[in-house]
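Peer 1: If you scroll down you'll find the structure; I have some questions about it.
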Amino acid sequence: MARQTPPQPEEIAAGSITFEELRLAARNHAMPLEALRYPITPAGLHYLLIHFDIPSVDVAGWRLSVDGLVERPLELSLEALGSRPAVSLPVTLECAGNGRALLEPRPVSQPWITEAVGTAIWTGTPLAPILKEAGLRPDVVEILFTGLDRGVQDGETQDYQRSLTLDEALREDVLLAYAMNGEPLLPQHGFPLRLIVPGWYGMTHVKWLSRVTALAEPFRGYQQAVAYQIQTTEDGPMTPVTRMLPRSLMEPPGIPDFFSRTRYLSPGPCPLRGRAWSGQGRVVQVEVSVDGGHSWRLAELGEAPEASPYAWRPWTFMWQAAPGAYDLCSRATDETGLTQPLDASWNSGGFSNNAIQRVAVVVE
């Protein structure tokens, strides 16, 4: 089950958070929850996870290779990609491990709480026409994407690689993106090129993309077959992590306590605001609770940026705040009928934890 509150200071001092996790948390960063006020997340506030190192790329010599089981292998420069038809699409990205630090026992890895998310306008050229231009052979079943970031995980030296089924790779909204919010990709966000697969968790959006390879059998590399698998027991079956589950986050009201992040505000009308998204289907309902999830009321839903089906939707709820202590929550339901749970089911990697967010508030 998910724990209801983050680790407390005394737990951290006692060794609840490891030195290795602190070092990961220093390299990567979450989106501050107050940044939910922005429909499009500024690049510097967007969440960031870097598995290994940020590669140093000489763009003059960089090329994207399209190879494998194709009739006409391609070598494409950034200039050549930029000359092709361009698409700009607002897309919400969320790390598959978002919420990991709230599980008990806590899986040891990047210790995300709830803020590993962001929404950007990604500009690039669709992948499908490039694959068709290369001439896929009839026996192709998957497309493999290889990044320039290289390292060791669980003793295995590897390039960062992920694959998609052919049907997923040929979706018209899958992009080879070279710009974020109208500017060239920052080094930490995958310069010069990254993959954008709307609706999928962040591990799928391979950064520093260097190679696209057509395969005749499913890819069994580490990041595909070992990492990003949901496993609830040591010897139990593994289910791949794919699309984002529905989630709603609230922009914390009032002002925070520096250390605990408990919120303080005055009595009276208090607008509660947030954003909700799902990779399974469009969010159709958000509910708000001020009593820890015992009772729920409907929030008012707004439209996603540029009405994008792949970006978060804003919501608002007017709360008449009376003196006291409160546990504020929100939960999203998407068009497939999936609703956020009060508590999450545990798994060894801490993936896909979409349990409701809880915001501690004191009205005085």
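The values are calculated or read from the model by the stated rules, or taken from the named source; none is laboratory data. Bear in mind that the values here come from a model prediction, so they are computed numbers and not experimental data. Cβ placement follows ideal geometry from the backbone for every residue including glycine, while neighbour counts extend to all protein chains displayed.
Peer 1: Give the number of residues within region 126-150 that are touching a Phe, Trp or Tyr at 6+ places or on another chain (Cβ under 8 Å) and farther than 15 Å from Ser210 by Cβ.
Peer 2: We begin by selecting, within region 126-150, every residue touching a Phe, Trp or Tyr at 6+ places or on another chain (Cβ under 8 Å); these are 142, 144, 146-150.
Now restrict to residues that are farther than 15 Å from Ser210 by Cβ: 142.
So the count comes out to 1.
Peer 1: With respect to Thr204, determine if the residue is over 22 Å from Ala120 (Cα atoms) and in contact (Cβ under 8 Å) with a residue 40 or more places away in the chain.
Peer 2: Details: over 22 Å from Ala120 (Cα atoms): no; in contact (Cβ under 8 Å) with a residue 40 or more places away in the chain: yes.
No; evaluated as a whole, the condition is false for this residue.
Peer 1: Follow-up. Hydrophobic (A, V, I, L, M, F, W, C) and within 30 Å of Phe52 (Cβ to Cβ) - does that describe any residue in region 284-299? Full working, then the answer.
Peer 2: First pass over region 284-299, keeping only residues hydrophobic (A, V, I, L, M, F, W, C): 284, 286, 288, 290, 296, 298-299.
Checking which are within 30 Å of Phe52 (Cβ to Cβ) leaves us with none.
No, that holds for no residue.
Peer 1: Something else: Would you mind telling me which numbered condition in (1) part of a loop (DSSP other than H, G, I, E, B); (2) surrounded by fewer than 18 Cβ atoms within 10 Å (Cβ to Cβ); (3) touching a strand residue (DSSP E or B) at 6+ places or on another chain (Cβ under 8 Å) Asp139 fails?
Peer 2: With (1) part of a loop (DSSP other than H, G, I, E, B); (2) surrounded by fewer than 18 Cβ atoms within 10 Å (Cβ to Cβ); (3) touching a strand residue (DSSP E or B) at 6+ places or on another chain (Cβ under 8 Å) applied to Asp139, the lone miss is (3).
Peer 1: Mind checking which residues of region 57-74 are under 24 Å from Arg171 (Cβ atoms) and either free of Cβ contacts under 8 Å to residues at least 60 places away in the same chain or crowded, with 21+ Cβ neighbours inside 10 Å (or both)? Let's see the steps before the verdict.
Peer 2: Going through region 57-74, the residues under 24 Å from Arg171 (Cβ atoms) turn out to be 64-74.
Of everything in region 57-74, just one residue is under 24 Å from Arg171 (Cβ atoms) and either free of Cβ contacts under 8 Å to residues at least 60 places away in the same chain or crowded, with 21+ Cβ neighbours inside 10 Å (or both), namely Val66.
Peer 1: While we're here: Kindly evaluate Thr213 against the criterion of being of a type in the set (S, T, N, Q) and within 16 Å of the chain's Cα centre (by Cα).
Peer 2: It is false that Thr213 is of a type in the set (S, T, N, Q) and within 16 Å of the chain's Cα centre (by Cα).
Peer 1: I've got another one for you. Output the residues belonging to region 308-348 that are surrounded by fewer than 19 Cβ atoms within 10 Å (Cβ to Cβ), of a type in the set (Gly, Ala, Ser) and at pLDDT below 95.
Peer 2: If the condition is that a residue be surrounded by fewer than 19 Cβ atoms within 10 Å (Cβ to Cβ), of a type in the set (Gly, Ala, Ser) and at pLDDT below 95, then Ser345, Ser348 are the ones that fit.
Peer 1: Report whether or not Leu215 is surrounded by fewer than 21 Cβ atoms within 10 Å (Cβ to Cβ) and in contact with a Gly (Cβ under 7 Å, 6 or more places away or on another chain). Step through it out loud before you land on a result.
Peer 2: Working: surrounded by fewer than 21 Cβ atoms within 10 Å (Cβ to Cβ): yes; in contact with a Gly (Cβ under 7 Å, 6 or more places away or on another chain): yes.
Yes.
Peer 1: Report, ordered by the first and then the second residue, all pairs with beta carbons closer than 6 Å, sequence separation of six or more or different chains, a first member in region 244-260 that is in contact (Cβ under 8 Å) with a residue 40 or more places away in the chain and within 14 Å of Ala325 (Cα to Cα), and a second member that is surrounded by 24 or more Cβ atoms within 10 Å (Cβ to Cβ) and charged (D, E, K, R).
Peer 2: none
Peer 1: Another question, if that's okay. Looking at region 160-177, can you tell me whether even one residue there is surrounded by fewer than 21 Cβ atoms within 10 Å (Cβ to Cβ), farther than 25 Å from Glu75 by Cα and assigned by TED's automatic domain parsing to the domain that holds Gly82?
Peer 2: no
Peer 1: Further question on the same structure: Give me the residue from region 78-114 that is surrounded by fewer than 24 Cβ atoms within 10 Å (Cβ to Cβ), in a strand (DSSP E or B) and at pLDDT 95 or above and, out of that set, nearest to the chain's Cα centre (by Cα).
Peer 2: Ranking the qualifying residues of region 78-114, first place goes to Pro90.
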